[in-house]
Amino acid sequence: MDLEVSPALTIPSSELGWRFSRSSGPGGQHVNTTDSRVELSWNVEGSAALSEGQRLVLVTRLGRRLTAGVITVTASEQRSQLRNREIALAKLSELVAEGLAPEAARRRTTKPTRGSNRRHRVAKEQRAATKQQRKRPAAE
């Protein structure tokens, strides 16, 4: 079962590594007998599915998440190992897709307009007047 991240990138199932362990959380005695927690790992640096450009982008953007070039995702939300497998695949797919997404265009900062400055100043004066009216009248 290959993991399709995008139409341009599909990770073959032979590159995905699975580990299973006992999960904490809901399930009662069932938790003590089944290995429902899933760890899905994928070697980014050694993957044949990535081009050199994609590999470089992923390594730089996901650098904090990588351990020796391998990215690991865990899932233990559900009692079912099969459901946790599906969740882990979705998490990995989303993580890789976000890592490969093009950067958003940077916003160019601009000065506030004269009208917005005027409206801001008028609003401040109104707030100040409201607060002045809340004061106790001066004893004369």
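Details
- When the Cα gyration tensor is reduced to axis lengths a ≥ b ≥ c, the ratio a/c is 1.5 or higher for the chain, and with a/b not above b/c it is classed as oblate.
- For the chain, the longest principal axis of the alpha carbon atoms and the long axis of helix 81-100 meet at an angle near 60°.
- Accessible area of the chain divided out per residue, in Å², using a probe of 1.4 angstrom: 75
- Helical runs (DSSP H, four residues minimum) scored at -39500 (n - 2.57) apiece and divided by the length of the chain put the mean residue ellipticity at 222 nm at -12000 deg cm²/dmol.
- Cut-off 12 Å between beta-carbons: net charge of the residues surrounding Thr72, Lys and Arg +1, Asp and Glu -1: +2
- Cα-projected label distance for Glu98 with Thr10, points at 7 Å along beta-carbon direction, nm: 2.6
- Rounded to 10°, Cα long-axis angle of helix 114-134 versus longest principal axis of the chain: 70
- Exposed loop sites are taken as trypsin sites (Lys or Arg not before Pro) in a DSSP loop (any state but H, G, I, E or B) with at most 11 other beta carbon atoms within 10 Å; the longest stretch of the chain without one runs 1-63.
- Tail weight of P(r) past 15 Å, computed on alpha-carbon pairs of segment 74-140, percent: 76
- Taking GluC sites (Glu not before Pro) across segment 34-65, the ones in a DSSP loop with at most 15 further Cβ atoms lying within 10 angstrom of their Cβ are Glu45.
- Distance between the 7 Å Cα→Cβ label points at Gln132 and Thr110: 3.4 nm.
The values are calculated or read from the model by the stated rules, or taken from the named source; none is laboratory data. Bear in mind that the values here come from a model prediction, so they are computed numbers and not experimental data. Backbone-built Cβ (ideal geometry, glycine too); neighbour counts: all protein chains shown. Heavy atoms of the whole protein, side chains included, go into the accessibility calculation; ligands, DNA and RNA do not. Shrake-Rupley method; radii C 1.70, N 1.55, O 1.52, S 1.80 Å.
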